[in-house]
Amino acid sequence: MTDADQPSPPAPQGVEVDPRLLEVLVCPVTHGALELDRVKGELISRSARLAYPIRDGVPIMLPEEARDLTDAD
């Protein structure tokens, strides 16, 4: 079976994070505001150009775990 024959993965269902937690979280690099991307399951720091993953509803606020934002993001 080739990659083309395999079904595509299901679309993300979206994540939920406690709104009170989102009020107090800041980027650990810049100490700036974060944006929630429910579809990708990430907290976005535009100033640091990083996207922090959310796993099982828990934001992983470690710069080494973050994804670099691209120009398309």
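Read the figures in this text as sums done on the coordinates, not as results from a lab. None of the values given here were measured: they were computed from a predicted structure. Note that we place each Cβ from the backbone using ideal geometry, even for glycine, and neighbour counts take in every protein chain shown.
Remarks
- Net charge of Cβ neighbours under 15 Å - reference Leu69; Lys, Arg +1; Asp, Glu -1: -3
- Electrostatic tally near Arg55: other residues with Cβ closer than 15 Å to its Cβ, Lys and Arg +1, Asp and Glu -1, net -4.
- Rounded FRET efficiency, nearest 0.05, which uses the C-beta distance separating Arg20 from Asp68 and R0 of 25 Å: 0.30
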